[in-house]
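Enquirer: Structure below; questions to follow.
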Amino acid sequence: MNALSIDQKFRTGSLLIIGIALLLAGQLAWSNFERYRRNLDNLHNLALYRAALEIANAASAERGPSGSLMDNNGTASEAWRQRLAKARTRTDLALDRVATLLAQHPESLPAAGDTLAEVRPALDQMRMLIDSLAAQPLSERSEIEIAYAIERMFSVVDRVKPLIVEIGNHATKADRNVADAVLMAQMVGNMREYAGRLGSLFIAPLATRQPIELALRRRIGNMRGRLDELNGLLARQVGGYWDRPEIEQARFAISQQYFGGNEQFLESILRVGRHSGDYPLSAAGFVQRYVPTMQAMEQLKHLIIETGAEAAAAERDAACWGMLFALLQGIAIAGVLSLLLRTGRCRLLRPLLQARRAIVELAHGDTAPITRPHAGREVGELFDAIDILRACQQQRDLLEKRLTALTRQLKQQAETDPLTGVSNRRALVELGEQLLLGASLGGGQMGLLLFDIDHFKRVNDLYGHPAGDEVLRVVAQRVRAACRSEDNVGRFGGEEFTVLVPRTDQGAARVLAEKLRCLIAEVPIVLADGQSLTVTASFGIALSRAEDDWIALLAMADQALYLAKRNGRNRVESANDTAD
């Protein structure tokens, strides 16, 4: 982290803050999504539970026309067959509906499919038994056969009950909020089933015109007791459902139509059945009178499921809006944070970093103007101060340049011969000592060419001192032009000059000396008055050795120059040749 710049740290921190805001919004959105998905499951579970209850309800509804069919022949029998066919179609559709819903989520209720598969064969066997019994003449139908057929109809509903319980338990475990709807619908469904079974117990004696035996009367009494218990329990389970007028109306209808209207009706049939089979109505008439009183139970059951489904749908929609709001809120917060952070970076951090960079550049001598950022008044005052510092630095730099130029000029004047423009003796000594030290350390040789213009006093005597000065200037310029850039030409004194030649040897030094000697001797010098004259020069060469210092090297070159003059002038002599 320390390796990051402030700007990089700011951007990283900004991304972290925006990421945290998006994460919080994402968590809220995910929570609403889980709530949305949970209520979708609730709707599916309630639809599945309603369909399972519909199987039991439809199978129970088959008992009415089946009982009437066993008490009729001829035209009336055909009418009841049509009603039975419609009831059976309703049951088959309910079975298909449950199978379709289970297929959508097979992993949630793996055992429900097996339970459903057991219902169809039992239902088919029950229907075959009813059809077989209805095909017999009315006089041949016994009470025992009819009672057995009714028990088989009861067994079909008993096979559906585990499916209802399993689906109800699954819905309750998935979300406790649907528990009230499931339990109360199951209670009303049980009430409807017990009411249907109670009515079915009267079918056999009514169809065969036989008295009601004591065992059957006890069974009927037990069934009526269960219904009274369920009615009392239903009245106490207010929950959040009785607030709806239609549910209150359905519960009131159950109390008035079924419990209020059937009490005396059933008692009248039981009074007759205790002594004889001379009933005031047939089994079909009983079905027509009794079955409509149970419709309020079916209505209440459906209303309870619908209320639970509406609550789940409302929760689902609220979760959907909550999820959308959380996403929009997260985007809005991230957008506002991005804008604020970007504004802070552009209007504050970047100008401050730019000011820091400008100060650092000023400290390193860079006084180039910079583009001022668009920022607030405080930052503008900071850049005003930087502009003042820059102006002061520029003024100081200008003074330093002038001082440096003046120093360089004075140094050049101190090291340059004013007449010839080449190095003077002082500069030659300093440079010679440096080159000699470099040659000694590098293992090479430095050459020193010392030459003198022959008979220069005669030039002054014959042509005058201005002509002599001109000769010195021309000779110095010709020698400097003929040498390498790394060679140094200097005036040692009077008419005596030197050439310092680094990194050379005996042969190269002699070649250079001969070249310079010929250049001086063969090209005439034209004076200011138009006269031309020819001068010559004598050269002495000395090459440095490991043990030589500047004094020693100069002495060797001077000895070689003396030898050249003694041997006739206008020639090159080497101190190293002499030493050999």
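Enquirer: Can you pull out the residues in region 492-522 that are open to solvent by less than 40 Å² (accessible area, probe 1.4 Å), assigned to a helix (DSSP H, G or I) and β-branched (Val, Ile, Thr)?
Expert: 520
Let's see how each residue does on (1) open to solvent by less than 60 Å² (accessible area, probe 1.4 Å); (2) closer than 30 Å to residue 85 by Cβ; (3) within 34 Å of the chain's Cα centre (by Cα):
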site	(1), (2), (3)
21	yes, no, yes
41	no, no, yes
45	yes, no, no
68	yes, yes, no
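Enquirer: Just to be sure I understand, how many residues within region 464-500 are touching a Phe, Trp or Tyr at 6+ places or on another chain (Cβ under 8 Å), touching a residue at least 60 places away in the same chain (Cβ under 8 Å) and aliphatic (A, V, I, L, M)?
Expert: Of the residues in that region, 3 qualify.
Enquirer: Let me confirm something: among 254, 305, 269, which residue is open to solvent by less than 20 Å² (accessible area, probe 1.4 Å) and closer than 30 Å to residue 30 by Cβ?
Expert: From the options 254, 305, 269, the qualifying one is 305.
Enquirer: Within region 229-244, is there a residue that is without any contact (Cβ under 8 Å) to a residue 60 or more places away in the chain, more than 60 Å from the chain's Cα centre (by Cα) and over 21 Å from residue 161 (Cβ atoms)? Reasoning before the result, please.
Expert: Pass one, region 229-244, residues without any contact (Cβ under 8 Å) to a residue 60 or more places away in the chain: 229-239, 242-243.
Retained after the next criterion (residues that are more than 60 Å from the chain's Cα centre (by Cα)): 229.
Imposing the further condition that a residue be over 21 Å from residue 161 (Cβ atoms) reduces the set to none.
Taking every residue of region 229-244 in turn, none turns out to be without any contact (Cβ under 8 Å) to a residue 60 or more places away in the chain, more than 60 Å from the chain's Cα centre (by Cα) and over 21 Å from residue 161 (Cβ atoms).
Enquirer: Given the conditions (1) loosely packed, with under 11 Cβ neighbours inside 10 Å; (2) within 30 Å of residue 306 (Cα to Cα), and given that residue 260 satisfies all but one, which numbered condition is not satisfied?
Expert: Of the numbered conditions (1) loosely packed, with under 11 Cβ neighbours inside 10 Å; (2) within 30 Å of residue 306 (Cα to Cα), the odd one out for residue 260 is (1).
Enquirer: For region 80-91, which residues satisfy the criterion of being open to solvent by 40 Å² or more (accessible area, probe 1.4 Å) and among the aliphatic types (A, V, I, L, M)?
Expert: 85, the sole residue that qualifies.
Enquirer: Any residue in region 451-462 that is closer than 14 Å to residue 491 by Cα sitting within a Cβ distance under 9 Å of a residue that is part of a strand (DSSP E or B) and among the charged types (D, E, K, R)? List the pairs, counting only those 6 or more apart or interchain.
Expert: Going by the 9 Å Cβ cut-off, the qualifying pairs are 451/496; 452/496; 453/496.
Enquirer: Tally the residues that are open to solvent by less than 40 Å² (accessible area, probe 1.4 Å) and not in a loop (DSSP other than H, G, I, E, B), restricting the search to region 439-448.
Expert: 3
Enquirer: Among the residues of region 335-372, which ones are within 37 Å of the chain's Cα centre (by Cα) and either in the same structural domain as residue 23 (by TED's automatic domain parsing) or farther than 30 Å from residue 22 by Cβ (or both)?
Expert: Of all residues in region 335-372, those within 37 Å of the chain's Cα centre (by Cα) come to 335-358, 371-372.
Those that are within 37 Å of the chain's Cα centre (by Cα) and either in the same structural domain as residue 23 (by TED's automatic domain parsing) or farther than 30 Å from residue 22 by Cβ (or both): 354, 355, 356, 357, 358, 371, 372.
Enquirer: Which of (1) more than 29 Å from residue 134 (Cβ to Cβ); (2) modelled with pLDDT under 85; (3) in a helix (DSSP H, G or I) is the odd one out, the single condition residue 297 does not satisfy?
Expert: (1)
Enquirer: For region 352-386, what are the residues that are touching a residue at least 24 places away in the same chain (Cβ under 8 Å) and closer than 17 Å to residue 9 by Cβ?
Expert: 352, 353
Enquirer: Residues in region 383-415 that are at pLDDT below 75 and either open to solvent by 100 Å² or more (accessible area, probe 1.4 Å) or under 26 Å from residue 342 (Cα atoms) (or both): how many?
Expert: Counting residues in region 383-415 that are at pLDDT below 75 and either open to solvent by 100 Å² or more (accessible area, probe 1.4 Å) or under 26 Å from residue 342 (Cα atoms) (or both) gives 6.
Enquirer: Kindly evaluate residue 575 against the criterion of being in contact with a helix residue (DSSP H, G or I) (Cβ under 7 Å, 6 or more places away or on another chain) and among the small types (Gly, Ala, Ser).
Expert: Numbers: in contact with a helix residue (DSSP H, G or I) (Cβ under 7 Å, 6 or more places away or on another chain): yes; among the small types (Gly, Ala, Ser): yes.
Yes.
Enquirer: Residues in region 452-468: is at least one in a strand (DSSP E or B) and either in the same structural domain as residue 525 (by TED's automatic domain parsing) or surrounded by 13 or more Cβ atoms within 10 Å (Cβ to Cβ) (or both)? Show your work before the answer.
Expert: Applying the first criterion (in a strand (DSSP E or B)) to region 452-468 yields 452-453.
Restricting the remaining residues to those that are either in the same structural domain as residue 525 (by TED's automatic domain parsing) or surrounded by 13 or more Cβ atoms within 10 Å (Cβ to Cβ) (or both) gives 452-453.
Yes - at least one qualifying residue is present in region 452-468.
The values are calculated or read from the model by the stated rules, or taken from the named source; none is laboratory data. This is a predicted model, so every value here is computed, not measured. Cβ sites come from the backbone with ideal geometry, for glycine too, and all protein chains shown count toward neighbours. Each accessible area value is taken on the protein alone, full model and side chains, heavy atoms only, with ligands, DNA and RNA left out. Shrake-Rupley method; radii C 1.70, N 1.55, O 1.52, S 1.80 Å.
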